[in-house]
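**Student:** For reference, the structure I am asking about is given below.
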Amino acid sequence: MLIEKTVKDFVNEVASNSPAPGGGSVAALSSSLGASLISMLANLTIGKEGYEEVQDEMKKIADLAKKSANKFLAVIDEDTKAFDAYMQAIRMPKDTDEQKVVRIEAMHTAAKGATNVPLQLARDAFTLIDVAEYATKKGNKNAESDGKVAVQMLKSGILGAIYNVQINLGMIKDANYISKVEEEIKAIEAQTLKI
């Protein structure tokens with residue numbers, strides 16, 4: 001599992017000549033780091049003088065962000081598994097007409113899986129942007145820069161996930177699915193770039 005590696009080993013794995021882990025896993029890591037920073041900022045606000053009015057909100061934020069960070073960590077491996085499933089489908093035999101049909105169906109299913117993983121990451125990371133901005137504005141001023149970095153890491157995670165969705169859509173033949181996903185990611189991307 002990638003998330004069990006040291007940071008150094010993960011970075012070296014990304015830098016290797018293997019196509020996975022790639023941009024999708026890195027987008028998940030970026031999102032996880034952003035969520036972790038939100039949790040840290042909230043925790044640095046809890047119990048501090050001058051922030052009495054936001055204690056309840058910060059406790060909720062710390063918990064939500066920590067859970068999100070762990071969820072995004074899991075996506076690092078999910079993204080790589082989804083890509084590997086597509087590669088396995090490509091390698092399926094195609095000698096007979098029946099094998100070709102089975103292979104194409106497996107490729108289509110795997111391509112949707114490889115698209116749905118970063119799509120869900122983009123959705124989930126996007127929901128944390130407002131939380132990060134609130135925590136940055138209302139939280140411990142000594143950790144304001146951490147909140148700003150959190151927002152940037154989430155933005156990188158969202159946009160990275162969207163780029164992976166876009167490239168994976170090229171492997172899918174379902175026009176309705178493509179249209180629906182393109183519309184959704186276009187809206188998320190536009191709102192993310194405004195932040």
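The values are calculated or read from the model by the stated rules, or taken from the named source; none is laboratory data. Values in this document were obtained by computation on a predicted structure and should not be read as measured data. All Cβ positions, even for glycine, are placed from backbone atoms using ideal geometry, and neighbour counts span all protein chains on display. Heavy atoms of the whole protein, side chains included, go into the accessibility calculation; ligands, DNA and RNA do not. Shrake-Rupley method; radii C 1.70, N 1.55, O 1.52, S 1.80 Å.
**Student:** Quick one, could you list the DSSP H helices from the chain stretching 27 Å or more along their long axis (Cα atoms) with average Kyte-Doolittle hydropathy of 0.0 or above?
**Tutor:** Sorted by number, the helices that extend far enough and score high enough are 23-45, 144-169.
**Student:** With mean projected area of the Cα convex hull in nm² as the read-out, I listed [x] 14.1; [y] 11.6; [z] 12.5; which label goes with the value calculated from this structure?
**Tutor:** Only one option fits the structure, namely [z].
**Student:** Tell me, what % of the accessible area of the chain is carbon and sulfur with a 1.4 angstrom probe?
**Tutor:** Exposed carbon and sulfur together represent 55 percent of the surface.
**Student:** For the chain, what is the mean residue ellipticity at 222 nm derived from helices alone (per DSSP H run of n ≥ 4: -39500 (n - 2.57); sum divided by total residues; nearest 500 deg cm²/dmol)?
**Tutor:** The helix contribution divided over the chain gives -28500 deg cm²/dmol.
**Student:** S145 to V14: FRET efficiency via 1/(1 + (r/R0)^6), r the Cβ-Cβ distance, R0 30 Å, to the nearest 0.05? Display every interim value, and only then the final one.
**Tutor:** On the way: r = 26 Å, r/R0 = 0.87.
With a Förster radius of 30 Å, E is 0.70.
**Student:** Please express the shape of region 1-82 as an equivalent ellipsoid: the semi-axes are the square roots of 5 times the eigenvalues of the C-alpha gyration tensor, given largest first in whole angstrom. Display every interim value, and only then the final one.
**Tutor:** Working: eigenvalues 213, 26, 13 Å².
Taking √(5λ) for each eigenvalue gives 33, 11, 8 Å, largest first.
**Student:** Take the Cα pairs of region 79-195, get the Kirkwood Rh, then feed it into Stokes-Einstein at 10 °C and 1.306 mPa s and tell me D in µm²/s.
**Tutor:** 100 µm²/s
**Student:** Restrict the search to region 124-195; then list the trypsin sites (Lys or Arg not before Pro) that DSSP places in a loop and that have at most 12 other Cβ atoms within 10 Å of their Cβ. Walk me through the intermediate numbers first.
**Tutor:** Numbers: sites: K137, K138, K141, K148, K155, K173, K180, K186, K194; in loops: K173.
When the trypsin sites (Lys or Arg not before Pro) of region 124-195 are filtered for loop state and at most 12 Cβ neighbours within 10 Å, K173 remain.
**Student:** What FRET efficiency comes out for the pair D174/E4, r = Cβ-Cβ distance, R0 = 35 Å, nearest 0.05?
**Tutor:** Working from the Cβ atoms, E equals 0.50.
**Student:** State in Å² the accessible area per residue of the chain; use a 1.4 Å probe, count heavy atoms of protein chains only, and round to the nearest integer.
**Tutor:** 56 Å²
**Student:** Two decimals is fine: what's Rg over Rh for region 156-195, C-alpha atoms, Kirkwood radius as Rh?
**Tutor:** On the way: Rg = 10.5 Å, Rh = 10.5 Å.
With Rg and the Kirkwood Rh in hand, the quotient comes to 1.00.
**Student:** To the nearest Å, what is the center-to-center distance of region 151-195 and region 60-99, using C-alpha atoms only?
**Tutor:** Their Cα centres are 16 Å away from one another.
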